[in-house]
Amino acid sequence: MAKEKTLEDLFYDTLKDIYFAERQILRALPKMAHAAQSPELKKGFEKHREETEGQVERLQQVFELIGKRAQGKTCEAIQGIIAEGEEIMEEFKGTSALDAGLISAAQAVEHYEIARYGTLKTWAATLGLKEVVGLLDQTLQQETATDKTLSQLATTAANQKAKAA
């Protein structure tokens, strides 16, 4: 009979998922920064790339704390979200709607990450992994702040520019 899966197993599996996702995001952010028309959006993508590098390092710390090797597990969800972003970059290249589209793609990524980190943080708390909770919360706060910044860029500039064209 197969071994029953536990919350620890689910936590580890989801941790591998977000680790893969973060590494894919690291590859996508320079492309998004390059495609962005607004200097503020370009700078935002570059800043978030630096933050993401720190998030990957924190995930590696989490793997160490739970005594597991840092490894990713293919995350089809993030691959699909990134593919949609690439499609927007291609289809809206050179248009006034590009930045609004880039922001929407970036927010889809952020919302995925917020959901994952929120879940992992809750599970870590349930499992009594206090130090892990702190690391995951730090990343969750960064992702939430990035989402708010993107919303602000959308409402103060990108959406109006796209509408005016």
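Measuring against 26 Å, Cα to Cα, the residue pairs Lys43/Lys68; Lys47/Lys148; Lys43/Lys148; Lys42/Lys68 contain Lys43/Lys68; Lys42/Lys68 as the ones spanning a longer distance. Extension gain for Gln138 to Arg27 (0.36 nm times residue separation, less C-alpha to C-alpha distance): 37.8 nm. Averaged over residues, the count of other Cβ atoms within 10 Å places the peptides 38-44, 110-116 in the sequence 110-116, 38-44, highest first.
The solvent-accessible area of Phe92, taken with every protein chain present and a 1.4 Å probe, is close to 80 Å². May I ask for the angle, rounded to the nearest 10°, between helix 76-91 and the longest principal axis of the chain, with both axes built from Cα atoms and the value confined to 0 to 90°? Taking Cα atoms only, the helix is inclined about 10 degrees.
Of Ala83, Ala108, Ala21, the residue with the greatest mean-square motion in the GNM of the chain, using alpha carbon springs below 10 Å, is Ala83. Accessible surface for the chain, divided over its residues, is 56 Å² per residue with a 1.4 Å probe. With the simple spin-label model, which puts each label point 7 Å out from Cα in the Cβ direction, the Glu84 to Glu4 separation comes to 3.7 nm. The order of Glu143, Glu50 by accessible area, most exposed first and with a 1.4 Å probe, is Glu50, Glu143.
Its DSSP H runs of at least 4 residues, each contributing -39,500 (n - 2.57), put the calculated 222 nm mean residue ellipticity of the chain at -27500 deg cm²/dmol, to the nearest 500.
The orientation-averaged shadow of the Cα convex hull for the stretch 26-100, equal to a quarter of the hull surface, comes to 5.6 nm². Helix 7-35 and the long axis of the chain differ in direction by around 20°, with both axes built from C-alpha atoms. Here Thr95 sits with roughly 50 square angstrom of accessible surface, probe radius 1.4 Å.
The values are calculated or read from the model by the stated rules, or taken from the named source; none is laboratory data. Nothing here was measured: the structure is a model prediction, and the numbers come from that model. Because the Cβ atoms are built from the backbone with ideal geometry, glycine has one as well, and the counts that use them run over all protein chains shown. To get the accessible areas, we keep the full protein, side chains included, count just its heavy atoms, and leave off ligands, DNA and RNA. Shrake-Rupley method; radii C 1.70, N 1.55, O 1.52, S 1.80 Å.
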